[in-house]
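**Q** Got a structure for you, questions after.
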Amino acid sequence: MKARVFVTLKPSVFDPQGRTIEEALHSLGYAGVGDVRQGKYFELEIDAATADKAREIASSVADKVLANPVIESYRIEVE
Amino acid sequence: MPKIKFAVIVFPGSNCDHDAYHTAKHVLGHDTEFVWHKESSLKGADVVILPGGFSYGDYLRTGAIAQFSPVMKAVSAFAASGGPVLGICNGFQVLCEARLLPGALIRNKDLKFHCEHVRVRVEQTDTPFTLRAAKGQVLRIPIAHGEGNYFADPQTLEELEASRRVVLRYCDNDGQVTDRSNPNGSINGIAGICNEERNIVGLMPHPERACEATLGSEDGLVFFASVVACLASHGALTA
């Protein structure tokens, strides 16, 4: 099973990289693009019988390693 | 002078380990050993230093992988038994990732790597690493980091302030904490904190780089002198 984990900074955490990218986009003329937030994306190949089990494992991995719950939240997709 | 044994933890990518070793061993004259991150014992150390650097190349997040190094179990046990632990820069980041200290260090607000001498104000002197300092004392110590922007959620921050666990704050020459004196965007100007029991201290500035006049400042010595005095008074010395 393949799991995809998207890790992003919590809304309450300032993202200076996202802000800098946003400013660069504006300088390129993309005035309508706002609130850019940079995150991380992980692909995991998981040996699990069901999607639910794969999701459970991915969630555990995200909690323990991939995301820091102090500053980040995550979203998981399994296929 | 009582003999204290320092342990300096070495992760792959640590690069201030020799600075810390040099300070403890040669400047202060105490027994000091490097402890490789795969070790499970701290070799009978009285005080543990997690040095600065880029453990595991800062992969994933600063300090994120190092928290799983085998030696961290020994560090946690040592800290739980009341042993003094000092995390400097990357060491502070490792302590936060390991949840031995609250909060997190995130990217500097201006995205720049800051390598410069800054002023920090000593806020608390009832930790093993600051007891020889004076409350409100302004120290001149270098910083060198790209991710030193201290963050904690409002509730954690309130707890930290209420329990007097902010140990150092960035300040100006006069000891005033201002936006201008804050090099990285840290919340409340925080440069260093301690745990609830006060024996674990984490700081972004590098005291070990400011312990000899030839380096431009000796203000960092107070952190080392404090822990030596603390251990001497508690009698917790290596036999």
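**Q** Within the range B:100-115, track down each residue that is in a loop (DSSP other than H, G, I, E, B) and facing chain A (nearest Cβ under 9 Å).
**A** Selection gives B:PRO102, B:GLY103, B:ARG107, B:ASN108, B:LYS109, B:ASP110, B:LEU111.
**Q** Restricting attention to strands (runs of 3 or more DSSP E) lying wholly within chain A, give those where 3 or more residues are touching a Phe, Trp or Tyr at 6+ places or on another chain (Cβ under 9 Å) and more than 12 Å from chain B (Cβ to nearest Cβ).
**A** A:2-9, A:72-78
**Q** In the range B:32-87, which residues are of a type in the set (Lys, Arg) and either surrounded by fewer than 20 Cβ atoms within 10 Å (Cβ to Cβ) or closer than 12 Å to B:PRO12 by Cα (or both)?
**A** Those that are of a type in the set (Lys, Arg) and either surrounded by fewer than 20 Cβ atoms within 10 Å (Cβ to Cβ) or closer than 12 Å to B:PRO12 by Cα (or both): B:LYS38, B:LYS43, B:LYS73.
**Q** How many residues does the range B:27-79 hold that are part of a helix (DSSP H, G or I) and either within 14 Å of chain A (Cβ to nearest Cβ) or over 18 Å from A:LYS40 (Cβ atoms) (or both)?
**A** Residues flagged as part of a helix (DSSP H, G or I) and either within 14 Å of chain A (Cβ to nearest Cβ) or over 18 Å from A:LYS40 (Cβ atoms) (or both) within the range B:27-79 amount to 16.
**Q** Enumerate the strands (runs of 3 or more DSSP E) found wholly within the range B:135-225, keeping only those where 1 or more residues are at pLDDT 95 or above and within 29 Å of B:LYS5 (Cβ to Cβ).
**A** Qualifying strands (runs of 3 or more DSSP E): B:138-145, B:166-171, B:190-194, B:200-203.
**Q** Follow-up question, since we're still on this one. Taking the range B:84-99, which residues are within 14 Å of another protein chain (Cβ to nearest Cβ) and not aromatic (Phe, Trp, Tyr)?
**A** Within the range B:84-99, B:GLN93, B:VAL94, B:LEU95, B:CYS96, B:GLU97, B:ALA98, B:ARG99 meet the criteria.
**Q** Scanning for something without any contact (Cβ under 8 Å) to a residue 12 or more places away in the chain and among the aliphatic types (A, V, I, L, M), does the range B:120-142 turn up at least one residue?
**A** No; the residues of the range B:120-142 include none that is without any contact (Cβ under 8 Å) to a residue 12 or more places away in the chain and among the aliphatic types (A, V, I, L, M).
**Q** Follow-up question, since we're still on this one. Could you identify the single residue in B:LEU168, B:LEU215, B:LEU221, B:LEU131 that is of a type outside the set (Lys, Arg), in contact with a strand residue (DSSP E or B) (Cβ under 6 Å, 6 or more places away or on another chain) and closer than 25 Å to B:HIS22 by Cβ?
**A** Testing whether each residue is of a type outside the set (Lys, Arg), in contact with a strand residue (DSSP E or B) (Cβ under 6 Å, 6 or more places away or on another chain) and closer than 25 Å to B:HIS22 by Cβ leaves just B:LEU168.
The values are calculated or read from the model by the stated rules, or taken from the named source; none is laboratory data. None of the values given here were measured: they were computed from a predicted structure. No Cβ is skipped: glycine too gets one built from the backbone with ideal geometry, and neighbour counts run over all protein chains shown.
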